[in-house]
Amino acid sequence: MHDDKVKAGGSEERIAARIDQLERHYLVGRDIEIQYFIQQLTVGGQQGRILNLYGTGGVGKSYLIDEFRRLAVNVNAAFLLMDSRGFSHTPQDFCTQLLRMLGYPMEKLQQITDPQALLELCLDILREKAVNQKHVLALDTFEDMGDMELWLREAFLPQLYPEILILIAGRFPLQGIWLSSPAWRYWIHRMPVGDLDYFSVKEYLERSGISQEPMIKQIWMKTRGHPLTLSLIVSTTMVQNIQGLELVDGTEVFEHIVSIWLKEVPDDNLRELVETVAVLRHFNQELLSYVLDQEVKTDLFQWLIGLSFIRRVDRGWILHDLMRDAIGYELRLRQPEHYDWLWKRCIMYYYSRMTNQSKRKTIAWEGVEWYYYIGDHVVRNFCYQKLTPYLMEPLSPSNWAEAEQYLDNRRSNPKEICLPLQNPETGEMFEYMISKEESLYSVKHIHLQELYELDPGIVKLMRDQQGTICGLTAIIPIHTGTLDYLLTHPLSSTYFQSLPDHRLKELRVPIEHIAGYFVKTIDVSDFEDVAMRTTAGLTFISLLISSDYVVAAPPDLSFLKDFHLSLGCEQAKNVAHYDYDSNAPAPYYVLDTRGGKLQGYLNKMIASFGLVDHSKQQNNDMPMLSEREKEVVVLLVKGYTNQEIAADLYITEVTVKKHLTAVFRKLNVRNRTQLVNSYLKKTE
C-alpha cells in the first residue's frame, strides 16, 4: 500500500521518476485499458465507475495498475492502493490503513475503538477530499479478501461518492451478486487482462534491443505472449548473452511461472485434474471423465474451471498454453506411462466419435481434435499453435486486384525460409529449410482467371489481422464439370491420367454432387508466421474431415511429406509428376475413405499407437467394468495393496478405493476376497 506521491529530495525523486519512465517505455499492448481509464479519470460519468481488472498470474495486472497510478498523478489525482496482502482482513484494519494513507493523524486513530465510528470517519474524510481532488481507490489481490468482500460490497462501497473511481483487481472476475444485481452491473466495467499479441511482443522486444526477426518469432513461440514469461526470458537471454543474442532454454523461468499459477491448486484431486487437462487441447466434464476412466464430480469440475489459468472457449475449456506445455512436459518426465495412457484415452474418445459415420459431417470440431492426438509433432506445430486462425474469403471481383497483387508479390520476392520448430514432447528444436526456388512452387501453376471460370468457389484468400491478403488456396471439387481440367492441367493430370476408366467413371458425378477434392495449392506468404501456418494446416485438415476422397500434390519438401503421412494420407504408388521441377519427381498424397474404407483408416491410425477397438471385441471376463477398473482388479488379484495399485497405475489411493467400490457394486461382491474368487471363476 502506498499513496503514490514521490517525496521531494533530489536523488530519490530522480530514481523514482526514472523507474516510472522505464516502466512506461516497456508497457505495450494495453492501449484499450489505458484509454478507458483516462476517460473515466478525466471525463467521468456514472456507468462503469468500478473497473474490474482481472487475469491469471503474471499477466501484467500490477504493471497496468502502476500505469494507472502514473496517469492519476499526471492529472493531480490521488491514487490510493490497498493490497489485500498488506493488512488484516477486518473492516477495522481496512479503515485504519486507509485513514493512514489519507494522512489522518496516528495519535487520533489510536483513540478510536468503535468499528462503526471508524468506518464513518473514513467515509467522511474520503468524501471531503473528493470534493477538491480526484481520487482513485484501487483494491488489489481481491481474491484474497475473503469475508471482507461482503463488507466492502454491502457497507463500504455503496457509501462512496461516485466521483471516486474504484479499481478492483485480482485473478478472477467479480462474480455472484456483483453480476446478478442489475445495479452493480451498471457500475462495473469488466477489464480482462490477457496475453500480448504478436505485434505487442515484437514491440516489447524491439524496445528491449532485440530486433532480429527469427529471434522475435522464437521468443513469441516460446512465451505465447505471457508478459511475465516474456520479461523473464528476455532478461535471462540478455544477461547470459553479452556478446550476441541466443535464446536461452528458459526451463527455470517456466518452472517459476507454473509455481505462481499452482498456488491456486492446494487440493490433490484438483491437482490431478489440472495435470490431466494439461494433456488435453480442449476439455469438458464428459471428456475428462472418459479420459480418467472415472466420474468427475460437478463440484470438482466447477472448481477446476474457476481457476484463473483456465478459460472458456466455444467447445469447452482450455488450459493456458504455457501452463499446458510446462505441466505436460513435467508430467511426461515424471510419469511417462501415465501420460501415454491419458493421451491414448483421448485418441479413443475421438475415435469413438469418428467411427459414427452418420454423424461424421456434423463433427468437424471433433475431427480437428482427433487429428491433434493422432498427428505427430509436425502436425501439432503446423495446425495447433494458435487457437484462432485467420479468416478465409472466396475470390470475387471485389478482391480480385488484391489477389493478383498477392501473386505478383510472391513471385517477385522469393526468399529462403527456415522453419524453427519445437517437438512439444521432447522440447527438442528442429529446422526445415526451403530454398528460394522451392518457396515459389506453390504459386507456380496458379492462374486466377482459369480457376475462377472453372468454379468461382475454388480460390479462397486468407486475410491477416490488418486486413492484408497473406495466403491463397486453390481446392478443386471433383465432378463432371472439373474432371477434364484435372486430366489435362499441370499438377493434377499425371495422377488422374493414371486412374483406370472405371475409377474415372466413379469420379464423373453430376456437378451438384462432389466425388472428392484435388488440392492444387495451399499457399501463405510466410510459413514462419504461426497464424498463417495454423490457417493453412487446418484448411487441409478440415478438408480431410468433410470429404471422403482427397488428393494433394504438394511440393516434394520434407516437412510436407511428414505432414501428410502423419495425417494418414498414403503416397500414391508408381505415379509422380515433374510440374514443379523437370528434374525432380513430386509425389501425390491420397486419403480415400469412401465406402467401407473409413473404419480401416481409423483402425490403422489407432494401431500406430498400439491401440485396438475393444468395443468390437467380445470380453466375457468382466464386460461391465471400465478399462481402468479391470486394471485395478488384475493388480488386486495379483496381491497388490491399494497403495501399490495406486503407484503402479499412477493414480491416488483415494481413486483406487473409488474404483474398488464401483467394482464391488457391479460384480455384486462385498469385499476383496469375494472379488478375487469371482474374478477367478470368470477367467477359468
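Each reported figure results from applying straightforward, stated rules to the coordinates on display, with no laboratory input. Note that the structure is predicted; figures quoted are calculated from it, not measured. Using ideal geometry, Cβ is built from the backbone for each residue, glycine included, and neighbour counts are taken over all protein chains shown.
Summed over all non-identical Cα pairs, the Kirkwood treatment of region 619-682 gives a radius of 11.6 Å.
Per-residue Karplus couplings for region 110-125, computed as 6.51 cos²θ - 1.76 cosθ + 1.60 with θ equal to phi - 60°, are listed in order as 5, 8, 9, 10, 7, x, 5, 5, 5, 5, 5, 5, 4, 5, 4, 5 Hz, Gly and Pro entered as x. Among the GluC sites (Glu not before Pro) found in region 281-347, those both in a DSSP coil and sparsely packed, with 16 or fewer other Cβ atoms within 10 Å of their Cβ, are GLU295.
Sequence-distant contacts, meaning Cα pairs under 8 Å at least 6 residues apart, place the relative contact order of the chain at 9 percent.
Within the chain, the cysteines lacking any other cysteine Cβ closer than 4.7 Å to their own Cβ are CYS346, CYS383, CYS418, CYS470, CYS569. With the alpha-carbon atoms of region 391-607 aligned to their principal axes, the span from lowest to highest coordinate is 47, 45, 35 Å, starting with the largest. Considering helices alone, the calculated mean residue ellipticity of the chain at 222 nm is -14500 deg cm²/dmol, with DSSP H runs of length four and up weighted by -39500 (n - 2.57) and normalised per residue. Dipole magnitude for the chain: about 1480 debye, using +1 per Lys or Arg Cβ and -1 per Asp or Glu Cβ, origin at the Cα centre. By a straight-distance test (C-alpha under 13 Å), which aspartates and glutamates pair with LYS444 as possible cross-link partners, with residues fewer than eight away in the same chain excluded? Filter leaves ASP408, ASP523, ASP579, ASP581.
Ranking MET106, PHE37, ILE606 by how far each Cα lies toward the positive end of the dipole of the chain (charges on Cβ) leaves ILE606 at the top. Here r is the Cβ-Cβ distance between LEU565 and ARG100 and R0 is 56 Å; the resulting FRET efficiency, rounded to 0.05, is 0.25. For region 2-192, taking the reciprocal of the average inverse distance between every pair of different Cα atoms yields a Kirkwood hydrodynamic radius of 17.5 Å. Checking the cross-link pairs LYS202/LYS344; LYS297/LYS604; LYS436/LYS561 against a 30 Å limit on the alpha carbon distance flags LYS202/LYS344; LYS297/LYS604 as lying beyond it.
Give me log10 I(q)/I(0) at q = 0.10, 0.11, 0.12 Å⁻¹ for the chain, Debye formula, one equal scatterer per alpha-carbon, no solvent. Normalising to I(0) and taking log10 leaves -1.10, -1.22, -1.31. For region 560-566, putting each phi into the Karplus relation 6.51 cos²θ - 1.76 cosθ + 1.60 with θ = phi - 60° gives couplings of 6, 5, 4, 4, 5, 5, 5 Hz, in residue order, rounded to whole numbers and with x for Gly and Pro.
Toward the positive end of the charge dipole of region 619-682, with +1 on the Cβ of Lys and Arg and -1 on the Cβ of Asp and Glu, the farthest Cα among THR673, LEU660, GLN643 is that of THR673. Under 5 Å between amide hydrogens, built in the peptide plane, is the criterion, and for CYS470 it picks out MET462, ARG463, ASP464 among residues at least 5 positions away or on other chains. From the alpha carbon centroid of region 79-139 to that of region 455-510 is 72 Å. If you take the C-alpha gyration tensor of region 478-637, multiply each eigenvalue by 5 and take the square root, what semi-axes do you get, largest first, in whole Å? After diagonalising the Cα gyration tensor, the semi-axes are 38, 21, 15 Å.
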